[in-house]
Protein chains: 2
Amino acid sequence: MSLAERVLAGDRLALARLLTQIENEELEGLNALAALYSLTGGAHLVGITGAPGTGKSTLVNRLAKHLRRTVEVVDGTAATVAVVAVDPSSPFTGGAILGDRIRMRDLAGDTGIFIRSMASRGALGGLARATAGVVQALDAAGFDIILIETVGAGQAEVDIARTAHTTVVISAPGMGDEVQAIKAGILEIADLLVVNKADLPSAENTLRALRSMLETAYTARSTTYPQARGKRSKPSQEEKEAWLPPVLATIATTGEGVPELSAAISRHRAYLIDSGDWRVRERERIQNEMASLLREYLALRFLAQQPEGRYEEAIERVVTRQVSPRKAIEAIIEGGADTS
Amino acid sequence: MSLAERVLAGDRLALARLLTQIENEELEGLNALAALYSLTGGAHLVGITGAPGTGKSTLVNRLAKHLRRTVEVVDGTAATVAVVAVDPSSPFTGGAILGDRIRMRDLAGDTGIFIRSMASRGALGGLARATAGVVQALDAAGFDIILIETVGAGQAEVDIARTAHTTVVISAPGMGDEVQAIKAGILEIADLLVVNKADLPSAENTLRALRSMLETAYTARSTTYPQARGKRSKPSQEEKEAWLPPVLATIATTGEGVPELSAAISRHRAYLIDSGDWRVRERERIQNEMASLLREYLALRFLAQQPEGRYEEAIERVVTRQVSPRKAIEAIIEGGADTS
């Protein structure tokens, strides 16, 4: 059996191997992924992001277990759940190992839940591309719900979370969360907002602040500034009922609020399908992925075609300030790119 | 006078206009930047990063003022300081306006300090490229020290901060900072660590934790695992004195610790020059910038050469799951890229 066939037969070891090959951009894995691609599109992709220290991993574990227990797919069987934990922890040495083991142990014994950690590998676009591939493989392998967890609230994490159908942003009480919320622009990407550690004394304040900011933002947006709705266009008030992101309180350590979060995620899925936004987001995701792949392939092909040392020479001329980076690139592209 | 000449003559309005043109990738600005490029290389680039809520902006303002007052350049005049505040706040609507005004007011009245805020514009690589251009323009315009402040501790922010000669990572007591520090891999990129809000009760713990982690990391690195020193190779123990990142305590609101931070930054500059790392980092920065520009230019040129609708057709075939993203890109590149 080929690797792809073994994955489809439910072989978890084969799946783990495929994911590693995709991460490392090995040809065998990429070809298997291409063969599997026609089977993708069934999974509900849920991006979960938030600053470190918000208890995100614990909450994701709880959520995975709850979704597995309560969500049914069309044929009445329990939904299978995959967790992709994207960890930009050790951009320089690779890692995400310890956390992975702890989580594995926590969720072990159920083949309907699958966990995969991914560490950033330095290159900015590389992690997003690898994540896309891993998610596709899990989708093709038949997982019904894929939770894509990213640590941090920077641009890269937001971009990765944004590739999902449903984006959940987690915060915790204290440490200027309200400011943080505005800063990271999360109001514009969150489909669901969660305040974890809701048993902390200041949780009420955080919940209230987030709710009032959301209301202000959505009122302003749908009345005064309809053009400012951002790239991922929300449905306009006239056409259909808009989705107002709910603000939920959870306590990951006890599991409080997890059923409500789980239900809200299912509700958002139904909303996406009814409103047509599901297809809009799918298309955006594919466009982003293809743009990234195009850049990567063109650069690799171009550099392979360069005469030995030509690109290094161009770098040298920039280092010695003879020419600016842009002019150097323009010169090298225009002066010999089409020799193939 | 050309825009570049006006910038060199010290015209601040011309400089602001140039920076806007660079941000918007307008041809006039990019050409002016190319003309100015030979004048770059004099500035000390200091990247400052850290999670939201650490009081980073206040500290950077204080630091800018202090550097301006105390650092002298070769001819004995006071160093000029530019601040580039990279704010991924509103990835979808653009922003960074309010904070900019507040800071402007704070630092107004001294033409030797210049502030520029930059908002993320969606595209992942775009902000890093624009930041590089803006920093080059300020460098050519004669600023002696350029502080590049990024909000957040995600991969994108780290990458931007890392393009500097000296990288300062700011944290604050509480909220699992120790974990955060490990998570973000900052031990591997920080040349200086700062614990701001050092008047908070738990500051001592945070300082101690960071110091002990650093010691462990550096001891392990220079003895047992010399090969694990990461991409930006620190000088080995044998060749020259290594730089052990100092952990400093500051209170931005009162200015406490700012003189020490300022001195440490100057000390790191001297270290870089003595050890030869200055040139190593310059080259890495230029290589990264050129790789990003190469990808961008190749993609633009390629898409411009495509027959109308061909790329969109490829996207459509991926959306309908007839072909995987990778295979679609391979097909489009191999089947007609070289018609120019």
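The values are calculated or read from the model by the stated rules, or taken from the named source; none is laboratory data. These numbers were taken from a predicted model, which means no experiment stands behind them. In this analysis, Cβ positions are derived from the backbone assuming ideal geometry, glycine residues included, and neighbour counts consider all displayed protein chains. Ligands, DNA and RNA are excluded from the accessible area calculation, which covers all protein heavy atoms including side chains. Shrake-Rupley method; radii C 1.70, N 1.55, O 1.52, S 1.80 Å.
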The conditions are (1) more than 18 Å from the chain's Cα centre (by Cα); (2) surrounded by 20 or more Cβ atoms within 10 Å (Cβ to Cβ), and B:Ser2 fails exactly one of them. Which is it? (2)
Considering only residues of the stretch B:261-298 that are under 13 Å from B:Ala128 (Cα atoms) and touching a residue at least 60 places away in the same chain (Cβ under 8 Å), which is least open to solvent (accessible area, probe 1.4 Å)? B:Leu293
Restrict the check to the stretch B:162-180 and report whether at least one residue is open to solvent by 40 Å² or more (accessible area, probe 1.4 Å) and at pLDDT 90 or above. no
Residue ID - nearest to the other protein chains (Cβ to nearest Cβ), chosen from residues in the stretch B:308-323 that are open to solvent by 10 Å² or more (accessible area, probe 1.4 Å) and in contact with a Ser or Thr (Cβ under 9 Å, 6 or more places away or on another chain): B:Arg321
Looking for something within 7 Å of another protein chain (Cβ to nearest Cβ), at pLDDT 90 or above and over 26 Å from B:Leu30 (Cβ atoms) - is there at least one such residue anywhere in the stretch A:292-301? yes
Within the stretch A:19-40, can you find the residues that are open to solvent by less than 60 Å² (accessible area, probe 1.4 Å) and in contact with a helix residue (DSSP H, G or I) (Cβ under 7 Å, 6 or more places away or on another chain)? A:Leu19, A:Gln21, A:Ile22, A:Glu23, A:Gly29, A:Leu30, A:Ala32, A:Leu33, A:Ala34, A:Leu36, A:Tyr37, A:Thr40
Filtering the stretch A:200-213 down to residues that are open to solvent by 100 Å² or more (accessible area, probe 1.4 Å) and closer than 16 Å to A:Leu248 by Cβ yields A:Glu204, A:Arg208, A:Arg211
Could you pull out every one of the helices (runs of 4 or more DSSP H) wholly within the stretch B:1-120 that has 1 or more residues that are at negative phi and modelled with pLDDT under 90? B:12-23, B:56-70, B:97-107
Please go through the stretch A:67-77 and give me each residue that is open to solvent by 50 Å² or more (accessible area, probe 1.4 Å) and not charged (D, E, K, R), ordered by number. A:Thr70, A:Val74, A:Thr77
